[in-house]
Amino acid sequence: MSERRPESVLWDFLRGATTSRALAIAADLGISESLAGGPRRVEELAHEADVDTDALHRLLRALASDGVFAEEDPGVFRNTHASDLLRAEGWPEFAHLFGGVFYEAVDPLDRAVRTGTPTFADDFGTDFWSWLAEHSDERGRFDRAMAGGKDGTAERLAALEWRAGEVVVDVGGGNGTLLAALIRRRPQLRGIVFDLPETQRDEAALGDRIEFIEGSFFERVPSGDAYVLSGILHDWDDERAGAILSTIRAAAPAGARVLVTETVIPPGNEPNGAKWLDLLMLVLAGGRERTEPEWRGLLERAGLEPARIEEGLVEARCR
């Protein structure tokens, strides 16, 4: 692969904020869904979305220049593999969040870099989790975004060794999508989804092998044989993440497994999305993505014995 020109590298950074907003607007307008049946003229799309035709054309043309939608004839757009994802579970919600509240939250990144502390509450008047609780629409989008792509995670968890009758506690499990997918693959298991009461969910859809229990993982967690934390610990700094793990350790029997499905930041300069997500975690709640040594230290300080630390899966046992 030929090395990119330095000017191209910098240009991609300069336009990054605009691309986030443009993608969010297209997702919120449902353009990908409108194109599900095939190519359509921009006039039709604009009429359905109740927006200006020329402005929408310019927005879609810009997105198409990077492979999101395609202008196959002047003024006629169709979906691409990338824009088709905006009809898949989680992706339109992620586009909305990254072009909306996350976009606004990153604006004071300079302050976070100077102080090393989260800045969300300074601009929004409350911490991120309280803000979500106060904005039910955004909470719903957040829960659906977190639920997206869980089939791959469930497959990975299902491939581990399990004993019949084990109770799996999904700590901060949102609407239960991940645990339901795991138990479909491993029906001999029983499950508990543990999360805050404001989590938007359909408990009837969880089936008779999964129970939803309300609560805060800083205060208590249910007893179980295995604990899953999917995209939870990166929301918090080491002190708070350690407190979550300590709460689990206090409730778990010796030998219980803790399964963390998160990124492990690799060394070196290769492109890695977690290194950028790490900055979002900093401004939202002071959280962080972690390297292998950082994961090992976090687990050991909480009284857990690391068993494996690899990209996408960190496994430990309670001592």
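The values are calculated or read from the model by the stated rules, or taken from the named source; none is laboratory data. Bear in mind the structure is a predicted one, so any value in this text is a computation, not a measurement. Cβ placement follows ideal geometry from the backbone for every residue including glycine, while neighbour counts extend to all protein chains displayed.
What's the total number of residues in region 154-169 that are out of contact with any Pro (no Cβ under 7 Å at 6 or more places or on another chain) and crowded, with 21+ Cβ neighbours inside 10 Å? Walk me through it before giving the result.
Here is the first cut: in region 154-169, the ones out of contact with any Pro (no Cβ under 7 Å at 6 or more places or on another chain) are 154-168.
In the following step, the residues that additionally are crowded, with 21+ Cβ neighbours inside 10 Å were identified as 154, 157, 168.
Within region 154-169, residues that are out of contact with any Pro (no Cβ under 7 Å at 6 or more places or on another chain) and crowded, with 21+ Cβ neighbours inside 10 Å number 3.
All but one of (1) aliphatic (A, V, I, L, M); (2) surrounded by fewer than 16 Cβ atoms within 10 Å (Cβ to Cβ); (3) within 17 Å of the chain's Cα centre (by Cα) hold for L178, so report the exception by its number.
Tallying (1) aliphatic (A, V, I, L, M); (2) surrounded by fewer than 16 Cβ atoms within 10 Å (Cβ to Cβ); (3) within 17 Å of the chain's Cα centre (by Cα), L178 fails exactly one: (2).
Residues that are over 23 Å from the mean Cα position of the chain (by Cα) and on the phi < 0 side of the Ramachandran plot: does region 89-110 have at least one?
Yes: one or more hits.
I232 passes all but one of (1) more than 22 Å from A133 (Cα to Cα); (2) surrounded by 15 or more Cβ atoms within 10 Å (Cβ to Cβ); (3) of a type in the set (A, V, I, L, M); which number fails?
The failed condition is (1).
Residues that are surrounded by fewer than 18 Cβ atoms within 10 Å (Cβ to Cβ), within 21 Å of C318 (Cα to Cα) and in contact with a Gly (Cβ under 9 Å, 6 or more places away or on another chain): does region 210-226 have at least one?
Yes - at least one qualifying residue is present in region 210-226.
Does G67 fit the bill of being within 27 Å of the chain's Cα centre (by Cα) and closer than 21 Å to T19 by Cα?
Answer is yes for this residue.
In region 211-251, what residues are under 19 Å from the mean Cα position of the chain (by Cα) and either outside the structural domain of L280 (by TED's automatic domain parsing) or of a type in the set (A, V, I, L, M) (or both)?
Selection gives V228, L229, I232, L233, A241, I244.
Can you name every residue in region 249-271 that is assigned to a loop (DSSP other than H, G, I, E, B) and either within 29 Å of F124 (Cα to Cα) or touching a residue at least 12 places away in the same chain (Cβ under 8 Å) (or both)?
Correct list: A252, P253, A254, G255, A256, E262, T263, P266, P267.
Residue-wise test of (1) among the small types (G, A, S); (2) over 19 Å from V113 (Cβ atoms).
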position: E239; (1), (2): no, yes
position: L245; (1), (2): no, yes
position: K275; (1), (2): no, no
position: D278; (1), (2): no, no
position: G287; (1), (2): yes, no
position: W295; (1), (2): no, yes
position: R301; (1), (2): no, yes
position: A307; (1), (2): yes, yes
position: C318; (1), (2): no, yes
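Out of the residues in region 82-117 that are over 30 Å from A70 (Cα atoms) and in contact with a Leu (Cβ under 7 Å, 6 or more places away or on another chain), state the one that is surrounded by the most Cβ atoms within 10 Å (Cβ to Cβ). Full working, then the answer.
First, the residues of region 82-117 that are over 30 Å from A70 (Cα atoms): 105, 107-117.
Adding the requirement that they be in contact with a Leu (Cβ under 7 Å, 6 or more places away or on another chain) leaves 105, 109, 112.
Details: A105: 22, L109: 14, A112: 20.
Out of the qualifying residues, it is A105.
Name the single residue, out of those in region 293-319 being under 9 Å from L245 (Cβ atoms) and of a type in the set (G, A, S), that is surrounded by the fewest Cβ atoms within 10 Å (Cβ to Cβ).
Quick first cut of region 293-319, residues under 9 Å from L245 (Cβ atoms) only: 298-299, 301-304, 316.
Applying the additional criterion that residues be of a type in the set (G, A, S) yields 302-303, 316.
Numbers: A302: 22, G303: 16, A316: 27.
Only one residue tops the list, namely G303.
All but one of (1) touching a residue at least 60 places away in the same chain (Cβ under 8 Å); (2) outside the structural domain of W236 (by TED's automatic domain parsing); (3) surrounded by fewer than 19 Cβ atoms within 10 Å (Cβ to Cβ) hold for G149, so report the exception by its number.
All conditions pass for G149, except number (2).
Counting only residues that are within 15 Å of R240 (Cβ to Cβ), touching an Asp or Glu at 6+ places or on another chain (Cβ under 9 Å) and touching a residue at least 40 places away in the same chain (Cβ under 8 Å), which one in region 118-137 is surrounded by the most Cβ atoms within 10 Å (Cβ to Cβ)?
F120
Out of (1) within 29 Å of R308 (Cα to Cα); (2) surrounded by fewer than 18 Cβ atoms within 10 Å (Cβ to Cβ), the odd one out for G172 is which?
(2)
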